[in-house]
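Encoded as C-alpha cells, the structure appears first; notes follow it.
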Amino acid sequence: KASKISAVLSVLAFGLMTTSAFAEVPALPSNINSNDHAAAAAYYENLAKEEAAIVEKYRQDLEEHEDHAYAYGRRGQDDVSHLRANIREHEHQLEEDLAQADLHKKMLTVDQQAKSTSSNSINAAAVQ
C-alpha cells in the first residue's frame, strides 16, 4: 500500500514539474483574429517589449543587491537567488514571445506570397 501511495505521489510530482517547466505562450486576445498575422506579430512583439522591461528591472535590482550586499544581510542572498530565477524565467518568456512574433511574420509573408501568386495566375488567365 505504501508503494502505491509513493508511486502516485511521484507521478503527481513529475506532472507538476513538467507543467511548470514548460511556460505556455499566451493566447491571442479575442479581439485579434487568429488569421491576422500582422496583428498577432505586433501583439507578441509588444509582449516581448514588456518582458524585456521586466528583465531589465530585475537586472537593476540584482545589481543593486550585489553592489550593496552588506545592506541586505542574509536575506540578501535569498533575494539575489530569487532575482536570478526571475530573470531566467522572464528571459525564457521573452524568447518565446519573440519566436511567436517571428512565426506570425513568416506566416504573413507566406500568405502574401500565396495571394500574389494566385492573383498573378488569375491575371494571366484573364489575358489569354
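Might you check whether a residue that is part of a helix (DSSP H, G or I), over 21 Å from Ala38 (Cβ atoms), of a type outside the set (A, V, I, L, M, F, W, C) and touching a residue at least 24 places away in the same chain (Cβ under 8 Å) occurs anywhere in the range 94-111?
Within the range 94-111 (the criterion being part of a helix (DSSP H, G or I), over 21 Å from Ala38 (Cβ atoms), of a type outside the set (A, V, I, L, M, F, W, C) and touching a residue at least 24 places away in the same chain (Cβ under 8 Å)), the answer is no, since none of the residues qualifies.
Please determine, by comparing only the residues of the range 48-93 that are among the hydrophobic types (A, V, I, L, M, F, W, C) and without any contact (Cβ under 8 Å) to a residue 24 or more places away in the chain, which one is farthest from Ala27 (Cα to Cα).
Here the answer is Ala71.
Conditions (1) at pLDDT 95 or above; (2) in contact with a strand residue (DSSP E or B) (Cβ under 9 Å, 6 or more places away or on another chain); (3) assigned to a helix (DSSP H, G or I); (4) exposed (fewer than 11 other Cβ atoms within 10 Å of the Cβ), marked per residue:
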position: Thr18; (1), (2), (3), (4): no, no, yes, yes
position: Ile32; (1), (2), (3), (4): no, no, no, no
position: Asn46; (1), (2), (3), (4): yes, no, yes, no
position: Ala71; (1), (2), (3), (4): no, no, yes, yes
position: Glu91; (1), (2), (3), (4): yes, no, yes, no
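Any idea which of (1) open to solvent by 60 Å² or more (accessible area, probe 1.4 Å); (2) in a helix (DSSP H, G or I); (3) modelled with pLDDT under 95 is the one Glu56 doesn't satisfy?
(3)
The values are calculated or read from the model by the stated rules, or taken from the named source; none is laboratory data. Here the structure is a predicted model, which is why all the values come from computation and not from measurement. With ideal geometry, Cβ positions are generated from the backbone for all residues, glycine too; neighbour counts draw on all protein chains shown. Calculation scope for accessible area: heavy atoms of the full protein, side chains included, ligands and nucleic acids excluded. Shrake-Rupley method; radii C 1.70, N 1.55, O 1.52, S 1.80 Å.
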